[in-house]
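Colleague: Next up is a structure, given as structure tokens.
The values are calculated or read from the model by the stated rules, or taken from the named source; none is laboratory data. This structure is a prediction, so every number in the text was calculated from the model and none was measured. When we count neighbours, we look across all protein chains shown, and the Cβ atoms used for this are built from the backbone with ideal geometry, even at glycine. Accessible surface areas use protein heavy atoms only, side chains included; no ligands, DNA or RNA. Shrake-Rupley method; radii C 1.70, N 1.55, O 1.52, S 1.80 Å.
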Amino acid sequence: MQTINIQKKMKKNSIIACAVAIMLSGCGFTGGTATNNGADLGSVLGGIIGAVTQGDAAANILYDVIGATKLSKEDVIGTWSYRGPGVAFTSENLLAKAGGEVAAAKARQELEKPYQSIGIKASNTYFTFKQDNTFEGKVDGQPISGTYDYNPETSVVKLQTLLVSTTGYLTRNAKGISLLFESKKLLQALQIASAMSGNATLSTIGDLSKNYDGIRMGFDLKK
């Protein structure tokens with residue numbers, strides 16, 4: 001038991017070190033202050049370390065760039081159930097900005113309220129991707145089905161149903177995969193699923209995209 005605890009602690013420390021290294025390399029820190037936006041080094045790093053040591057964020061920092069770890073088509077095949085809000089950045093440069101991982105963790109947290117408001121949970125939201133390029137599933141209990149085309153090199157997935165088509169991303173996360181969209185497309189999908197286009201809490205999704213440059217949002221999924 002003591003050996004297992006030591007290993008967990010070492011892994012956690014390694015992730016924290018990785019987080020700090022990413023931020024330092026991307027933000028131009030010198031001496032006791034940061035050259036980017038005049039932020040104080042201690043407060044910025046304190047925020048980063050605080051965020052990456054909370055819950056799943058410690059593991060997510062290694063996966064918060066779309067396509068950072070590639071998913072093959074075989075990896076995608078199967079039934080994936082909703083685990084929580086999903087968030088990732090479109091490039092390493094955007095994640096590496098001061099507070100990038102803090103922003104991702106905060107965005108996940110802020111997505112929980114609109115998701116809960118329309119009843120999204122593991123029991124009523126899932127996606128099944130099949131070998132023959134068809135998919136089916138439910139979002140908030142509303143059935144969806146159609147075909148999909150996934151490009152492992154770009155992480156782009158195109159979903160085609162009888163009535164609509166949309167483009168998103170499939171990317172790996174710490175405990176499974178994430179299905180992510182540009183905020184406007186995600187908002188439209190959730191409005192349809194909830195049958196409440198005027199739901200005020202859904203406007204949070206649009207607001208998030210304004211606050212965080214280069215962010216994509218959707219669903220963290222697990223088998």
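Colleague: Do you know which of the residues in segment 174-188 that are open to solvent by less than 20 Å² (accessible area, probe 1.4 Å) and either touching a His at 6+ places or on another chain (Cβ under 9 Å) or of a type outside the set (A, V, I, L, M, F, W, C) (or both) is modelled with the lowest pLDDT?
Modeller: It comes out as SER183.
Colleague: Moving on to the next point. Only one of these is open to solvent by 40 Å² or more (accessible area, probe 1.4 Å), modelled with pLDDT of 90 or more and among the small types (Gly, Ala, Ser): ALA21, ALA122, ALA68. Name it.
Modeller: Only one candidate passes the filter, namely ALA122.
Colleague: When the residues of segment 154-173 are narrowed to those that are among the hydrophobic types (A, V, I, L, M, F, W, C) and surrounded by 13 or more Cβ atoms within 10 Å (Cβ to Cβ), which ends up farthest from the chain's Cα centre (by Cα)?
Modeller: If we take residues in segment 154-173 being among the hydrophobic types (A, V, I, L, M, F, W, C) and surrounded by 13 or more Cβ atoms within 10 Å (Cβ to Cβ), then VAL164 is farthest from the chain's Cα centre (by Cα).
Colleague: In segment 106-119, what count of residues is obtained for those that are open to solvent by less than 20 Å² (accessible area, probe 1.4 Å) and under 20 Å from GLY137 (Cβ atoms)?
Modeller: So the count comes out to 4.
Colleague: Kindly indicate the residue of segment 71-105 that is at pLDDT 85 or above and assigned to a helix (DSSP H, G or I) and also surrounded by the fewest Cβ atoms within 10 Å (Cβ to Cβ) among those meeting that condition.
Modeller: Only one residue tops the list, namely GLU74.
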